[in-house]
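Presented below is the structure to which this report refers.
The values are calculated or read from the model by the stated rules, or taken from the named source; none is laboratory data. Everything numeric in this text was worked out from a predicted model, so none of it was measured. Note that each Cβ is placed from the backbone with ideal geometry, even for glycine, and that neighbours are counted across all protein chains shown. These area figures cover heavy atoms from the full protein model, side chains too; ligands, DNA and RNA do not enter into them. Shrake-Rupley method; radii C 1.70, N 1.55, O 1.52, S 1.80 Å.
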Amino acid sequence: LLSGDTEASARFDITLYGTPGYSRFDPIISQLVRRAMGVILLIDVTRPDTLPRARDLLIATRGSALPLIVVGTKSDLPHEMTEADIRRELGIRQAVGVQFISCLDKTGVRAIVSSLIEHITLFSYDEGEEPPTPGAFGNGA
């Protein structure tokens, strides 16, 4: 998929699974993340009203237990949502990457996936431990 982009990405075959954010898909989220190695949470920056749902999805994926990148999409359109807004509403710590992309720019999408691969290769997976409880995304949120 990303062969040649980075040294790390050349060693990965990637399968991306997603839900369009609708609650009717919530029952399958736990199945999708059971064997996942990372999470990319997409947020439409033109729709701040979707941040509570994004937080629900983050909790459902137990994203704090896996490498996580939060991506603000449609950044080429007029919007007021900032990185600080996203961090505050989702309760995520500074170490979690928050990036903005235009869906019209395919290099931005490739950069996001490459960044997740880099996080995955540096992450310490311990199958013997239970992941942190939902809501433990840093700074007590």
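Report, to the nearest whole %, how much of the accessible area of the stretch 13-58 belongs to carbon and sulfur atoms, 1.4 Å probe, protein only. Walk me through the numbers on the way to the answer.
Values: 1620 of 3140 Å².
Heavy-atom surface of the stretch 13-58 belonging to carbon and sulfur, 1.4 Å probe: 52 percent.
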How large is log10 of I(q)/I(0) for the stretch 24-92 at q = 0.21, 0.26 Å⁻¹ when the intensity is taken from the Debye formula with one equal scatterer per alpha-carbon? -0.88, -1.19
Taking the mean number of other Cβ atoms within 10 Å as a proxy for protection, how do you rank 87-94, 76-83 from highest to lowest? 87-94, 76-83
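Can you order the peptides 23-36, 102-115, 47-60 by their average number of other Cβ atoms within 10 Å per residue, highest first?
Details: 23-36: 12.0, 102-115: 14.7, 47-60: 16.4.
Ranked from most to least packed, the peptides come out as 47-60, 102-115, 23-36.
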